[in-house]
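Chemist: Here it is, the structure, as structure tokens.
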Amino acid sequence: MAGSTLIEGGYVVTMDPAGTELPRGWVAVRGGRIVSVGEGSAPSDVRDAFPDRIDATGALVTPGLINTHHHLYQWLTRGWAQDSILFDWLVALYPTWSRIDEGTAGAAGAGAMAVLARSGCTTVGDHHYIFPRGSGDIVGAIAHESRALGLRLHATRGSMDLGESQGGLPPDFAVETTDDALAASAEAVTRHHDGSFDSMVRVAIAPCSPFSVTSDLLRESATLARDLHVRLHTHGAETVEEEAFCRERFGMSPTDYLESLGWLGPDVWMAHCVHLSDEDAARFGATGTGVAHCPSSNARLAAGIAPVRALLDAGAPVGLGVDGAASNEHGRLGSEIRQAALLARLRDGAGAMPVRDALRMATTGGARVLGREREIGSLEAGKLADIVLWELGEVEHAGIADPVAALGLGSLPRVRRMLVQGEDVVVDGHLVRADERQIAGRVVEAAARLRG
């Protein structure tokens with residue numbers, strides 16, 4: 001358990017409901033939780049009670065960043081199908097992905113999460129939906145790697161049961177039966193989900209997308225998740241091709257289709273949501289349905305720019321996601337703050353996304369999307385001590401007028417220090433619990449084995 005630590009002297013951005021910022025602030029941490037936050041020099045009684053001190057002078061101090069959507073296994077297939085739209089890209093990659101197993105998934109997860117951690121990410125949401133027969137416990141392998149690195153994991157047990165012969169996009173050899181997918185989803189929750197306040201691993205149920213799963217699987221997954229008291233996740237309204245698929249096959253838009261199967265609500269979050277009408281955005285807000293906004297991946301696959309401003313104005317929970325590294329080779333969550341701000345302005349004008357709104361999506365917004373707003377996402381007394389110190393003293397940001405703009409508009413600052421539950425995970429830009437060279441070697445070996 002973490003001890004008593006006082007972080008002092010930095011520019012503290014709390015991300016509390018009032019948007020409190022402390023140009024020279026302090027954060028006191030004990031037992032993995034934030035005890036108090038204050039401005040100026042910490043009082044003498046606080047300094048006496050918290051002997052382990054971290055000097056944050058010249059640093060921006062924020063809550064840990066929260067990644068709400070990823071496909072960690074895709075770390076092994078970066079650089080493939082570089083100029084394809086989503087459907088063509090998937091067709092090119094499904095045959096290779098269908099050979100994934102718990103060993104290759106573990107190596108991929110270690111590589112992808114190492115890069116996420118080095119970009120200020122303390123909580124990782126992963127959507128894994130390909131489970132070849134005999135592939136082992138893939139969710140367990142990813143959870144093992146997250147624990148080794150010291151990161152929080154929101155894993156999902158995904159699934160596909162609509163193969164090409166039934167009119168779906170994935171090849172038949174890459175899908176499961178509906179019953180097998182439901183049984184395996186329940187087993188993953190039973191085996192790995194921890195619903196406690198300070199949980200390091202939670203599991204959600206996540207049929208992949210309207211074009212890769214049947215209506216039965218979507219409907220029954222929603223019932224199962226609610227019976228097990230876990231959350232639901234899927235892809236939604238990502239591309240114009242998905243819109244056309246849903247209208248041709250079901251006679252309605254992706255949002256209408258998902259709503260008809262019980263897939264709007266405060267326990268649901270969807271990835272992308274690029275092609276939403278104003279009415280759709282309002283329904284997301286009214287129902288509390290969350291959105292994982294993945295700006296770089298959407299650009300990489302030419303999917304479009306999501307209506308994030310409309311969703312936020314409607315009150316919908318919106319977080320940021322890297323998405324799979326095969327459609328976002330950069331792999332760093334911190335960089336998505338800048339990307340989200342820029343693309344929102346490109347779509348809706350210069351005032352559409354202030355940098356603080358983009359940072360809020362990466363912190364408190366992500367916490368809302370994952371149903372953890374009581375525990376993480378802001379620097380407030382009683383919350384878990386997931387904290388990042390961003391280095392602003394180097395040449396990239398020296399003299400910048402606004403420290404938050406350094407993170408939201410400038411080049412991504414180096415992580416001077418990152419704590420998860422009060423314990424070090426990154427120091428001076430490097431992992432402290434794992435050997436980065438060893439992880440890189442595992443990735444090279446696993447990628448070669450998957451290709452072979």
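Chemist: Kindly indicate the residue of the stretch 286-315 that is in contact (Cβ under 8 Å) with a residue 60 or more places away in the chain and either part of a loop (DSSP other than H, G, I, E, B) or outside the structural domain of Ala344 (by TED's automatic domain parsing) (or both) and also surrounded by the fewest Cβ atoms within 10 Å (Cβ to Cβ) among those meeting that condition.
Modeler: The selected residue is Ala302.
Chemist: Further question on the same structure: Run Arg437 past the list (1) in contact (Cβ under 8 Å) with a residue 12 or more places away in the chain; (2) closer than 23 Å to Ala112 by Cα and report the number of the one that doesn't hold.
Modeler: Here Arg437 meets the rest and fails (1).
Chemist: State all residues of the stretch 373-400 that are buried (at least 20 other Cβ atoms within 10 Å of the Cβ) and over 14 Å from Gln421 (Cα atoms); if no residue qualifies, say none.
Modeler: Residues satisfying the conditions are Leu389, Trp390, Leu392, His397.
Chemist: While we're looking at this one, here's another question. Does at least one position in the stretch 2-25 carry a residue that is outside any helix (DSSP H, G or I), modelled with pLDDT under 95 and surrounded by 14 or more Cβ atoms within 10 Å (Cβ to Cβ)?
Modeler: Yes, some residue in the stretch 2-25 is outside any helix (DSSP H, G or I), modelled with pLDDT under 95 and surrounded by 14 or more Cβ atoms within 10 Å (Cβ to Cβ).
Chemist: OK, next. When the residues of the stretch 33-49 are narrowed to those that are in contact (Cβ under 8 Å) with a residue 60 or more places away in the chain and among the hydrophobic types (A, V, I, L, M, F, W, C), which ends up farthest from Gln421 (Cα to Cα)?
Modeler: The selected residue is Val37.
Chemist: Something else now. From the list Gly321, Gly304, Gly331, which residue is modelled with pLDDT of 95 or more and closer than 23 Å to Gly265 by Cβ?
Modeler: One residue alone meets the criteria, Gly321.
Chemist: Also: Hey, does the stretch 71-84 have a residue that's in a strand (DSSP E or B) and touching a residue at least 40 places away in the same chain (Cβ under 8 Å)?
Modeler: Within the stretch 71-84, none of the residues are in a strand (DSSP E or B) and touching a residue at least 40 places away in the same chain (Cβ under 8 Å).
Chemist: For the stretch 35-49, which residues satisfy the criterion of being part of a strand (DSSP E or B) and polar (S, T, N, Q)?
Modeler: Ser36
Chemist: Scan the stretch 347-372 and report the pairs whose first residue is over 11 Å from Gly408 (Cβ atoms) and whose second residue is surrounded by fewer than 19 Cβ atoms within 10 Å (Cβ to Cβ) and of a type in the set (A, V, I, L, M), with Cβ atoms within less than 7 Å and a gap of 6+ or a chain change.
Modeler: These pairs meet every condition: Arg347/Ile305.
Chemist: Could you check the stretch 91-103 and list, in sequence order, the residues that are assigned to a helix (DSSP H, G or I) and in contact with a helix residue (DSSP H, G or I) (Cβ under 9 Å, 6 or more places away or on another chain)?
Modeler: The answer is Leu93, Tyr94, Pro95, Thr96, Trp97, Glu102, Gly103.
Chemist: Hey, another quick one. Please find, among Gly32, Gly64, Gly38, the residue that is over 28 Å from Gly290 (Cα atoms), surrounded by 15 or more Cβ atoms within 10 Å (Cβ to Cβ) and at pLDDT 95 or above.
Modeler: Every option except Gly38 fails the conditions.
Chemist: Looking only at residues in the stretch 128-149 that are out of contact with any helix residue (DSSP H, G or I) (no Cβ under 8 Å at 6 or more places or on another chain) and surrounded by fewer than 23 Cβ atoms within 10 Å (Cβ to Cβ), which one is farthest from Ile85 (Cα to Cα)?
Modeler: Checked the stretch 128-149; the qualifying residue farthest from Ile85 (Cα to Cα) is Arg147.
Chemist: If the Cβ limit is 7 Å and pairs must be 6+ apart or interchain, which residue in the stretch 132-148 that is in contact (Cβ under 8 Å) with a residue 12 or more places away in the chain and over 11 Å from Glu102 (Cα atoms) pairs with which residue that is surrounded by 16 or more Cβ atoms within 10 Å (Cβ to Cβ) and of a type in the set (Ser, Thr, Tyr)?
Modeler: none
Chemist: Kindly indicate the residue of the stretch 15-32 that is in contact with a strand residue (DSSP E or B) (Cβ under 6 Å, 6 or more places away or on another chain) and of a type outside the set (A, V, I, L, M, F, W, C) and also nearest to Glu423 (Cα to Cα) among those meeting that condition.
Modeler: Arg30
Chemist: Looking at Leu389, Leu407, Leu450, can you tell me which residue is modelled with pLDDT under 95 and not assigned by TED's automatic domain parsing to the domain that holds Pro132?
Modeler: Of Leu389, Leu407, Leu450, the one residue that is modelled with pLDDT under 95 and not assigned by TED's automatic domain parsing to the domain that holds Pro132 is Leu450.
Chemist: Against the condition assigned by TED's automatic domain parsing to the domain that holds Pro254, farther than 30 Å from His275 by Cα, touching a strand residue (DSSP E or B) at 6+ places or on another chain (Cβ under 7 Å) and in a helix (DSSP H, G or I), how does Ala148 come out, does it pass?
Modeler: no
Chemist: Within the stretch 424-440, track down each residue that is assigned to a strand (DSSP E or B) and surrounded by fewer than 16 Cβ atoms within 10 Å (Cβ to Cβ).
Modeler: Val427, His430 - these are the residues of the stretch 424-440 that are assigned to a strand (DSSP E or B) and surrounded by fewer than 16 Cβ atoms within 10 Å (Cβ to Cβ).
Chemist: Do we have any residue at all in the stretch 109-127 that's free of Cβ contacts under 8 Å to residues at least 60 places away in the same chain, surrounded by 24 or more Cβ atoms within 10 Å (Cβ to Cβ) and farther than 29 Å from Asp357 by Cβ?
Modeler: yes
Chemist: Is it true that Ser297 is touching an Asp or Glu at 6+ places or on another chain (Cβ under 8 Å) and small (Gly, Ala, Ser)?
Modeler: In short, yes.
Chemist: Restricting the search to the stretch 50-70, which residues are under 27 Å from Val369 (Cα atoms) and part of a loop (DSSP other than H, G, I, E, B)?
Modeler: Gly64, Thr68, His69, His70
The values are calculated or read from the model by the stated rules, or taken from the named source; none is laboratory data. Being a predicted model, the structure only gives us computed values, none of them experimental. Please note: Cβ atoms are built from the backbone with ideal geometry, for glycine as well, and neighbour counts cover all protein chains shown.
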